[in-house]
1. Using θ = phi - 60° and the Karplus form 6.51 cos²θ - 1.76 cosθ + 1.60, what ³J(HN,Hα) does each residue of region 238-254 get, whole Hz, x for Gly and Pro?
2. To make sure I understand, if each residue's beta carbon is the centre and we count other beta carbons within 10 Å, what order do Trp476, Trp176 fall in, fewest to most?
3. Specify whether the C-alpha gyration tensor of region 239-373 places it in the rounded, prolate or oblate class, a ≥ b ≥ c being the square roots of the eigenvalues: rounded for a/c under 1.5, otherwise prolate if a/b is larger than b/c and oblate if not.
4. Going by how many other Cβ atoms sit within 10 Å of their own, how do Asp103, Asp346, Asp88 line up, fewest first?
5. Filter the cross-link list Lys173/Lys266; Lys71/Lys350; Lys63/Lys110; Lys173/Lys275 down to pairs whose alpha-carbon distance in this structure exceeds 32 Å.
6. Could you tell me whether region 236-297 comes out rounded, prolate or oblate from its Cα gyration tensor? Rule is a ≥ b ≥ c as square roots of the eigenvalues, rounded for a/c under 1.5, then prolate if a/b exceeds b/c, otherwise oblate.
7. Explain nothing, just the number: dipole magnitude of region 239-373 about its Cα centre with +1 on each Lys and Arg Cβ and -1 on each Asp and Glu Cβ, in debye rounded to the nearest 20.
8. Run the simple label-point estimate for Thr425 and Val189 please: 7 Å along Cα→C-beta, distance reported in nm.
Amino acid sequence: MTEATLDYTNANLAEKGSLVVTGNKDLTALYVDKVDGLATLTITDNDELTAVSFDALQAIPTKATVLPVVKIGGSATDANDLNAELIDQDETDHTKGGSFTTDSGLDDLKTYLAAADGRTGSDLRVFFDRADEYTVDGNVQTVPTGGFKIGGSHDQALTVINSYGQAGAGKSKRSWIFGGSVSASANVVLTANTIQSTATVAAAGIDNLYAALNAAGFKGNFDPSVGTLTVAQGAYPKADLILDAAPLTTVTVTTASATASADSVKIKIGDYSSKVYLTTTDDASFSNGVSGKDATRELTGASGANTASSVLDEIVLGFNAISDFPFLVSVISSGASATLAVSAKDLSTKHHGTAVSYDNSNASNGIETKYIRDERGINRSGLQGYGVQLTLESKTAGESISTGGPSEIGNPPSATAGTSPNDGTGAGQARIVATGVTAAELGAPSSGTAALTDSPGAVAYGSGSASGTDVDHVSWL
C-alpha cells in the first residue's frame, strides 16, 4: 500500500478519538480529511511517508480532563519522511520567530496543535524528518554530512513542537525567605531567566526589606518576561504562650482518681491539640494516646506535687507523639513565667496566623494563661511571622517561563536553605544574592515527598521533559 485514504470520523468528540499509523514501510501518503477531535494521534516509523492531509482536524476533545497525546516522528527509529523545503529561523534563539516551508501537509495540523498546547498536561512531540535548507537570520547553514535529518545535530530546528506535559501540573514556583536582623545597607539581587533586579532597603529592619521587595520598580522587572513575583510578610511564624505563673509554681488539683472527673489543661495549635488530665491517683483504665491530631495524657500527683513547667512538659510530650505534627514546641523555664514556645517547622508563610489557644478546666489551680505573645511582644491569638517570603511563579501551569520550557526554575533544592540544582543566572535559572540579611530558599526534599522539615509550603511545581528543551514552533507552520 503506497497511499491510504481513511474516511474516518470521530463520533465521540468529547474524549475517545484515536488514530495510530505506525510501521507501514511502503506508505507514501496518508489522507484523513474527515476526522476531528482526536485525543491521540500517532504517526511513526513510516519510512516512505512524505505527505499527510488532515483537512478537518482542528479541535481537541471537548472534555477538559482529556489530555491530547500527539507523536509524529522524533527520532531515527520513529522517523517518517516528512520534509520541510526551508526552515527559516529569525534568530539563533530558538524561542524567537521563524517559518517552515513545506508541502508535506504538516501545516494542516497548526490549529489542532495550538489547541492541544493550550491544555495543560498535553504530551506533544511533532517533528519534520528532514529539511532541504536551514537558514538563521537569512544566513544559510552548512549542510551536515547526511543532510538535515532527525536524529542529528539539528533536531531542534526540525521540531514543530516538543512539549511533555504532566497531568495536574501546577505553576512552577521558587520561594525564598528572609529573616532576622536587616542592616541599613541590606539589598537583595534576584536574577531569573537572565533578568536581574536589585531591591535596596531605605533603612534597617525587616519591614523596610518587605517594602523594598514589594516595590513596583523591583517586581515589575520580572513581569511578563519571567513570571509573577509576589512578596508576603509572615515567614518564620512563632508565638509564646505565657502562663500567669512562675515555672516552679505548684498546681492545685481537685481530688480525682479517674480522668473523667479530673482537672485538665489543653493547648490547641491549629488543628492539633494536647490535653493533660491532672489526677491525684493513677487511673488504671486510662492510657496515654493519640487519636488523629489529638493527644491525651495523664499527670498524677496531689495538690502541690506538680509545677506549671511540669504540666507544660507533659503537654509537649503529647504534641510530639502526634504523627506529622507540623510545629516545634518547647518549655521555657528560665524566666519569670512558665512559657510554651511554639514555632512552625515549615518556615514559609503557610502557618502564619495559625490559632493557638489554652483551656484550663480549673481557673483556681494557679496556672491560668496570661497571654499569647509574638516576638515583638504584641499579644496575639496565634502564630505571627515577620519574616519576608518572595515567590517567583510562572504564568502558565507546567511552564517555567512565559514562553514555555521545562520547569527548571520551578524545582527547588533538596532541603531548606539548600542550593537549588537550577541556581544560576542563565536561561531557565534563578538566583538570590542577599547582603545584610539572612536568606534561605524553601524547597521540597529530594524524595519528592513533603517532609515537614523541608518546608512543604514551597514544593516543586510544573512539568516539562526530564531532559532536553521544551520547544514550540507551531506558529511557524
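1. With the stated coefficients, region 238-254 comes to 7, 6, 10, 9, 10, 8, 8, 7, 5, x, 9, 4, 7, 9, 8, 10, 7 Hz.
2. Details: Trp476 20, Trp176 25.
Lowest count first: Trp476, Trp176.
3. Numbers: a/c = 2.21, a/b = 1.33, b/c = 1.66.
Because a/c hits 1.5 or more and a/b fails to exceed b/c, region 239-373 counts as oblate.
4. Details: Asp103 12, Asp346 22, Asp88 18.
Ascending number of Cβ neighbours within 10 Å: Asp103, Asp88, Asp346.
5. Working: Lys173/Lys266 38 Å; Lys71/Lys350 41 Å; Lys63/Lys110 21 Å; Lys173/Lys275 38 Å.
Correct reply: Lys173/Lys266; Lys71/Lys350; Lys173/Lys275.
6. Values: a/c = 3.17, a/b = 1.26, b/c = 2.51.
Oblate.
7. Values: 9 positive and 14 negative charges, 66 e Å.
For region 239-373, the charge dipole is close to 320 debye.
8. 0.6 nm
Every read-out reported here was derived from the displayed coordinates using simple, explicitly stated rules and does not represent laboratory data. As the structure is a prediction and not an experimental result, all values here were calculated from the model. We place every Cβ from the backbone using ideal geometry, glycine too, and count neighbours over all the protein chains shown.
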